[in-house]
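*Asks:* Submitted below is the structure of interest, expressed as structure tokens.
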Amino acid sequence: MNDFNNRVVVGIDGGGTHSRVMVADTKGMILSYVERGSSSIYKDLQARENVYQALKQALHESGKDISEVVTLVAGIAGYDSKADLNWVERLTDLPELKCAKLHVNDAVVAHSGALLSEPGIIVISGTGSIIFSVTEEGKQIRNYDLHQYAASAARFLGYDAIYELLAGNVQEQDQQLVQSMLQFWGVTSVEQLSLLALKGFITDQRERDRRFSELAPIVTENAMKLSPLAQTVCNRAIHKITVGVKILASYFLESEVKVSLIGSVVNSEYFQQQLSSRMIEGNNKKYRLVSPAFSPVAGAVLMALKQLDIIITPELLENLALHTNSRHK
């Protein structure tokens, strides 16, 4: 272990909205933390530049030279098959960064942080959505592997709410939501909104998806205010999440499965309330909702330390928790 004295590891949580980079020493002390734009080429054509700049800034702020990095673990949104490695590896191919590198899906680092890689299921629903599990036997299973997709990402809530409105599925209690959605699009009537829809809203798909994702908080907030339209949209997504969780839970041996929720949508008040009650119901399994122990980027740091065969002691976790709380909310 002395070979790693004064050396550092880099953890990256490359999401659809933000690239988060954390530099830590081999005792779990966080030296720097930086956020930039999206890491996913499907969300931002500047993804590579975003990660490059975040890496350079994080290393500069850590006070360490790039040659002192011994390993890097990057969890990247949109890395779903070997074919994706072509663009995923390019995100961290700084010429001077010669360390060992491990690239995984962003759900893997999120699980590492939330459940410390112990058996359990994580539900990610924010800019993107995925349900990911690690069984007692260490097998990684995604809902994607079964071709099940819980369409609960922020943009889906936005699209669904607009479609329900255009279809006329509106009640008196929906008026506040309707006015908020019309104002969001800068129109004064549903008729004007329908004309905007006929033009495709926004030509560029990335920009269109980004705008629709910004509607999600309006939808979840109005679900709490008992808007039938908002609740219909949210309940549809919540049902898909619970189905996905229960499918993956069927591959576990134990009768109780831990579930952790990550992301802006799934941690909204309405989603949390509904998932808490629906998880209690269970099918064949009992479910225990647990708060994530650490953020996904801290999970990437933990994976990087494990790559060096460093034992994750309680003291190391305390160091990580102390500095995570002070540097990164």
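*Asks:* How large is ³J(HN,Hα) for each residue in the range 253-261, as worked out from phi by the Karplus curve 6.51 cos²θ - 1.76 cosθ + 1.60 (θ = phi - 60°), to whole Hz, x for Gly and Pro?
*Replies:* Once rounded to whole Hz, the list reads 8, 6, 7, 10, 10, 7, 10, 10, 9.
*Asks:* When the chain is treated as a GNM, springs tying every alpha-carbon pair under 10 Å, which of PRO296, PRO95, PRO119 comes out with the largest mean-square fluctuation?
*Replies:* Checking each option, the largest mean-square fluctuation is seen for PRO95.
*Asks:* Let me ask you something else. On alpha-carbon atoms, Rg over Rh for the range 57-183 using Kirkwood Rh?
*Replies:* Taking Rh as the inverse mean 1/r over Cα pairs, Rg/Rh reads 1.13.
*Asks:* Please work out, to two decimal places, the log10 of the ratio I(q)/I(0) at q = 0.15 Å⁻¹ from a Debye calculation in which every Cα of the range 118-292 carries one identical scatterer.
*Replies:* Log10 I(q)/I(0), no solvent term: -0.82.
*Asks:* Nearest 10 degrees is fine. How inclined is helix 47-62 to the longest principal axis of the chain, computing both from alpha carbons?
*Replies:* 50
*Asks:* When the scattering of the range 173-267 is computed by the Debye formula from its Cα atoms alone, each counted once and equally, what is log10 I(q)/I(0) at q = 0.10, 0.12 Å⁻¹?
*Replies:* Scattering profile of the range 173-267, log10 relative to I(0): -0.39, -0.54.
*Asks:* Here's another thing I want to ask about it. Considering the range 87-157, what Rg and Dmax in Å follow from its alpha-carbon atoms?
*Replies:* Computed over the Cα atoms of the range 87-157, radius of gyration and Dmax are 14.5, 42 Å.
*Asks:* Can I ask one more? Return the loop-located trypsin sites (Lys or Arg not before Pro) in the range 35-114 (DSSP other than H, G, I, E, B) with at most 15 other Cβ atoms within 10 Å of their own Cβ; answer none if there are none.
*Replies:* LYS98
*Asks:* Given LYS82/LYS258; LYS139/LYS225; LYS56/LYS199, which pairs have Cα atoms separated by over 31 Å?
*Replies:* From LYS82/LYS258; LYS139/LYS225; LYS56/LYS199, over 31 Å: LYS139/LYS225; LYS56/LYS199.
*Asks:* Taking the radius of gyration and the Kirkwood hydrodynamic radius from Cα positions alone, what is the Rg/Rh ratio for the range 126-217, to two decimal places? Each step should come with its number before you reach the end.
*Replies:* Values: Rg = 16.9 Å, Rh = 15.1 Å.
That ratio equals 1.12.
*Asks:* Averaging sequence separations of C-alpha pairs under 8 Å and six or more residues apart, then dividing by the length of the chain, give the relative contact order as a whole percent.
*Replies:* Computed value for the chain: 22 percent relative contact order.
*Asks:* Based solely on C-alpha atoms, express the radius of gyration and the Dmax of the chain in angstrom.
*Replies:* 21.0, 70
*Asks:* Expressed in nm to one decimal, what extension gain is obtained for the pair GLN148 and ILE312 from 0.36 nm per residue of sequence separation less their Cα-Cα distance? Please report the intermediate quantities before stating the final value.
*Replies:* Values: separation 164, 0.36 × 164 = 59.04 nm, distance 3.39 nm.
Gain on stretching GLN148 to ILE312: 55.7 nm.
*Asks:* Right, something else. Mind checking the angle between helix 175-184 and the chain's longest principal axis? C-alpha axes, 0 to 90 degrees, to the nearest 10.
*Replies:* 60
*Asks:* Specify, per residue and in Å³, the volume enclosed by the convex hull of the alpha carbon atoms belonging to the range 256-308.
*Replies:* It comes to 89 Å³ per residue, whole-number rounded.
*Asks:* Quick one: helix 106-115 against the long Cα principal axis of the chain, what's the angle to the nearest 10°, folded into 0 to 90?
*Replies:* That helix lies at roughly 80 degrees to the long axis.
Readers should treat all values here as calculations from the given coordinates under stated rules, not as data from a laboratory. Just so it is clear, the structure is predicted and the values come from calculations on it, not from any experiment. Using ideal geometry, Cβ is built from the backbone for each residue, glycine included, and neighbour counts are taken over all protein chains shown.
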